[in-house]
Amino acid sequence: MATRVIGAAGLARDLGRWRDPETDGDAERRPHRPAYLALAEAIRLLIHDGRAPLGVALPSERDLAGTLGVSRTTITSTYSLLREHGYLISRQGSRSTVALPPAIQHDGSKPTRGIMALMAQPELPTIDMTYAAMPAAAELNDAYSIALQGIPSYLGTHGMDPVGILALREALARRYTARGLPTEPEQILVTLGAQHGLRLLLNVLAAPGARVLIEHPSYPNAIEAIRDVGARPIPVPLRPEFPDAGWDLEGLRSTARQTAATLAYLVPDFNNPTGLLLNAEGRAELAAIARDTRMTVIVDESMGELNLSGAPMPPPVAAFAKGSEIITIGSASKSFWGGLRVGWIRTSQPLITKLLGIRSTVDLGTPVMDQLATVHLLENADPILERRREQLRAQRTALLDAVSEELPAWQVTVGAGGMSVWAQLPSPVSTALAATAPNHGVLLAAGPRFGVQGAFERFIRLPFTHPEADLRIAVKSIAAAFDALTPRAADPLQPLTCY
């Protein structure tokens, strides 16, 4: 099978302004550092962001040198450094392919650091702000203990149920019904998380080349899943300035008609990364748009239980549907623990039948123990979730206070819930900031990871899922990294990408 190759133009686009501020501009005012170090660090960031997928080959040295306008020697030195640290694998007679260092592959708890830091600095304590997920709820111990007591009744079976155990589907149906969306257990398919559910749906509903509407910004792994099935994500910008919503629903309707899109993936329940919540009126309009344009909308409710505003939640989007135009996916991972790989799809029975046909080629069901633990958590969800929400509120306040003190020029969008805020930087240096931050003891996900076509260089996601003390330290580290980029922030020629 031929190796997939990243084109030089595509890699250059994703790299953005990769040059380190120390190598840009007035050499008399800034100390010199070789360009190959900055380029190697920028490519390393793309690898960790997933924009340079594992196993894919980088462009030839000649092609990349010509596209970036640097010498062939610079590219040769860059690739050599990446190989030295395990980010490229070279085989005789073939291109160098993207990889992760063995220490990172086999020890997921080990924080990754910048190449320049690995070369020149002692080990730094690192706070990983690239993910938005909390430690496990304290009740997980009890949930698994009770699940262990219930497992004997399943041991006489083969244990592989691609639909999901009835007890969990009944618990989920009751919860949907209590939220204003009458649901039967037969409308539920249990999955290995919301991401797994999305991938199953895309395999059935998204033909190669299909256009899939997404909010912009959106969840990075969803964007990659859409691309991975050969479909094309079509962005519709979020507008936080819009009253009571943030969703440009008229823009969504217009885009659906102009592109003839038959599918959309949206996160109206505390959008990741902004935390915005679509109100009830907007949900009714979204369902009407789906009907009018004959577009199926996949609604991701993974963050749906993390309402931090104190105001009542609007009904689920599917409660406004008149047919099967709205499909809902959910997950226990954000609510209870990321290691609890249990999700679900709520949809029509005919579609579940189609999904089961696809699922048998991918996996044979969700682990029974995890499903039983999730049943217990759902039955006791209200007090557990309220404690989780209180913790998130306190941590969000600590993060916002620290940003206000350390980074007063940043403009932060604070949504109604979720696990992160979306911060606008004074200048388009998100990728450079994420590349520099590991040298100051913090890991960040660059803003362009949450969009398409290189958007969001002026934005960065700040999750508030760490303890309050760690968040204050992290913001101080981010401020130190940002201060190192201030010469670039003053560049009046750099174009801005604002949404």
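The values are calculated or read from the model by the stated rules, or taken from the named source; none is laboratory data. Bear in mind the structure is a predicted one, so any value in this text is a computation, not a measurement. Methodologically, a virtual Cβ is constructed for each residue, glycine included, from the backbone with ideal geometry; neighbour enumeration extends over all protein chains shown. Keep in mind that these areas ignore ligands, DNA and RNA; they rest on the heavy atoms of the full protein, side chains included. Shrake-Rupley method; radii C 1.70, N 1.55, O 1.52, S 1.80 Å.
Does any residue in the stretch 400-426 that is closer than 22 Å to Pro467 by Cβ and among the acidic types (Asp, Glu) come within less than 7 Å, Cβ to Cβ, of a residue that is modelled with pLDDT of 95 or more and open to solvent by 40 Å² or more (accessible area, probe 1.4 Å) six or more places away or on a different chain, and which pairs are these?
Glu406/Lys476
Filter the stretch 270-303 down to residues that are assigned to a loop (DSSP other than H, G, I, E, B) and not charged (D, E, K, R), then give me how many there are.
Within the stretch 270-303, residues that are assigned to a loop (DSSP other than H, G, I, E, B) and not charged (D, E, K, R) number 12.
Quick test of your reading of the structure: His440 fulfils all but one of (1) in contact with a strand residue (DSSP E or B) (Cβ under 9 Å, 6 or more places away or on another chain); (2) buried (at least 20 other Cβ atoms within 10 Å of the Cβ); (3) not hydroxyl-bearing (Ser, Thr, Tyr). Name the failing condition by number.
In the conditions (1) in contact with a strand residue (DSSP E or B) (Cβ under 9 Å, 6 or more places away or on another chain); (2) buried (at least 20 other Cβ atoms within 10 Å of the Cβ); (3) not hydroxyl-bearing (Ser, Thr, Tyr), His440 misses (1) alone.
Checking Ser145 against (1) at pLDDT below 95; (2) surrounded by fewer than 18 Cβ atoms within 10 Å (Cβ to Cβ), only one condition comes out false. Which one?
(1)
Modelled with pLDDT of 95 or more and of a type in the set (Val, Ile, Thr), is that true of Val421? Steps first, please.
Values: modelled with pLDDT of 95 or more: yes; of a type in the set (Val, Ile, Thr): yes.
Considered against the rule, which asks whether it is modelled with pLDDT of 95 or more and of a type in the set (Val, Ile, Thr), Val421 comes out as yes.
Take the stretch 270-279 and flag every residue that is without any contact (Cβ under 8 Å) to a residue 40 or more places away in the chain and open to solvent by less than 10 Å² (accessible area, probe 1.4 Å).
Scanning the stretch 270-279 gives a single hit, Leu278.
Restricted to the stretch 280-307, and to residues that are among the small types (Gly, Ala, Ser) and open to solvent by less than 30 Å² (accessible area, probe 1.4 Å), which residue is nearest to Ala261 (Cα to Cα)? Write out each step before concluding.
First, pick out the residues of the stretch 280-307 that are among the small types (Gly, Ala, Ser): 280, 282, 284, 287-288, 290, 302, 304.
In the following step, the residues that additionally are open to solvent by less than 30 Å² (accessible area, probe 1.4 Å) were identified as 282, 287-288, 290, 302, 304.
Details: Gly282: 20, Ala287: 15, Ala288: 15, Ala290: 10, Ser302: 24, Gly304: 26 Å.
Among residues in the stretch 280-307 that are among the small types (Gly, Ala, Ser) and open to solvent by less than 30 Å² (accessible area, probe 1.4 Å), the one nearest to Ala261 (Cα to Cα) is Ala290.
Residue by residue through the stretch 320-373, note down the ones that are aliphatic (A, V, I, L, M) and open to solvent by 30 Å² or more (accessible area, probe 1.4 Å). Give the steps one after another, and end with the answer.
Keep residues of the stretch 320-373 that are aliphatic (A, V, I, L, M), which gives 321, 326-327, 329, 332, 340, 342, 345, 351-352, 355-356, 358, 362, 364, 368-369, 372-373.
If the condition is that a residue be aliphatic (A, V, I, L, M) and open to solvent by 30 Å² or more (accessible area, probe 1.4 Å), then Leu356, Ile358, Val362, Leu364, Met369 are the ones that fit.
Checking the structure you have, find out if any residue of the stretch 358-370 is at pLDDT below 95 and closer than 19 Å to Met129 by Cα.
For the stretch 358-370, residues at pLDDT below 95 and closer than 19 Å to Met129 by Cα: absent.
Which one of these is within 24 Å of Phe270 (Cα to Cα), surrounded by 14 or more Cβ atoms within 10 Å (Cβ to Cβ) and over 25 Å from the mean Cα position of the chain (by Cα): Glu379, Glu406? I'd like the intermediate steps shown before the answer.
Numbers: Glu406 fails: within 24 Å of Phe270 (Cα to Cα).
Matching residue, one of Glu379, Glu406: Glu379.
Could you grab me the full set of residues in the stretch 256-269 that are assigned to a helix (DSSP H, G or I) and surrounded by fewer than 23 Cβ atoms within 10 Å (Cβ to Cβ)?
Here is the first cut: in the stretch 256-269, the ones assigned to a helix (DSSP H, G or I) are 256-259.
Within the stretch 256-269, Arg257, Gln258, Thr259 qualify.
Among the residues of the stretch 452-471, write down those that are surrounded by 21 or more Cβ atoms within 10 Å (Cβ to Cβ), not in a loop (DSSP other than H, G, I, E, B) and not charged (D, E, K, R).
The answer is Phe459, Ile460, Leu462, Pro463, Leu471.
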